[in-house]
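Please read the structure below before turning to the comments.
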Amino acid sequence: MEKSLIVAVADNWAIGRKNALLWNLPGDMAYFRKNTTGCPVIMGYMTYLSLRGPLPKRHNIVISLFPWPDAPERITLASSLENAYEIAEKDCDGSEGAPSKCFVMGGAYTYKEAMAYSDTLYITHVHDVVEDADAFFPVIDPDIWEVSSRSEMQTDPVSGIQYEFVVYKRRAAEQ
């Protein structure tokens with residue numbers, strides 16, 4: 001199973017404010033939907049709370065350190081990131097039609113922890129600086145990650161914000 005991360009990041013590595021996204025970019029939402037539909041998505045409890053419920057057509061795995069007796073039926077609780085990956089592995093079992101990857105989709109703490117395990121990063125680089133953000137993505141180390149693909153620059157027609165989709169692959173370890 002390929003372990004992936006997906007996130008929209010400002011030029012100052014900001015990803016959120018008050019448990020909410022920083023932008024409303026329909027092009028980025030479409031990119032997120034296209035890449036994650038049919039795959040397990042892993043998120044922290046607070047990220048789940050920021051949604052309007054479980055994401056459709058995806059196995060929603062929520063990391064919760066505390067018991068959650070009234071958890072919605074359409075999510076699976078995990079006690080840790082490692083446990084979430086174990087759960088996702090069952091979806092990505094290699095059978096015909098099974099997904100080949102899972103996606104970590106937030107929040108900041110979960111992203112930071114997942115960087116060590118990830119094979120691929122799906123990053124929307126939003127060319128904006130958000131001074132009052134309170135959640136940040138870890139800096140992508142070019143000694144560890146290399147650009148696999150980069151889209152053309154996109155411009156949101158409403159806000160005028162520019163962004164691009166960049167996929168990073170983990171560099172092969174030196175022998």
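Coordinate-derived values only; no laboratory data. All values derive from a computational prediction rather than experimental measurement. FYI the Cβ positions are ideal-geometry reconstructions off the backbone, even for glycines, and counts take in every protein chain you see.
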Principal axis dimensions, largest first and in whole angstrom, of segment 122-175 by Cα: 48, 28, 12
Bins of 5 Å from zero: percent of alpha-carbon pairs in the chain: 1, 8, 17, 21, 21, 17, 9, 4, 1, 0
Taking Glu131, Glu113, Glu89 and counting other C-beta atoms within 10 Å, the order from fewest to most: Glu131, Glu89, Glu113
Local electrostatic count, Lys18, Cβ distance below 15 Å [Lys/Arg +1, Asp/Glu -1]: -2
The chain: most fluctuating residue of Val139, Val62, Val41 per GNM, C-alpha cutoff 10 Å: Val139
Length-normalised contact order of the chain in % [C-alpha pairs under 8 Å, at least 6 apart]: 32
For the chain: lysine pairs under 26 Å (alpha-carbon distance), excluding those fewer than 8 apart on one chain: 22
Percent antiparallel among DSSP beta bridges (both partners in segment 2-170, rounded to 5): 45
Residues Lys112, Lys101, Lys169 arranged by fewest to most Cβ contacts within 10 Å: Lys112, Lys169, Lys101
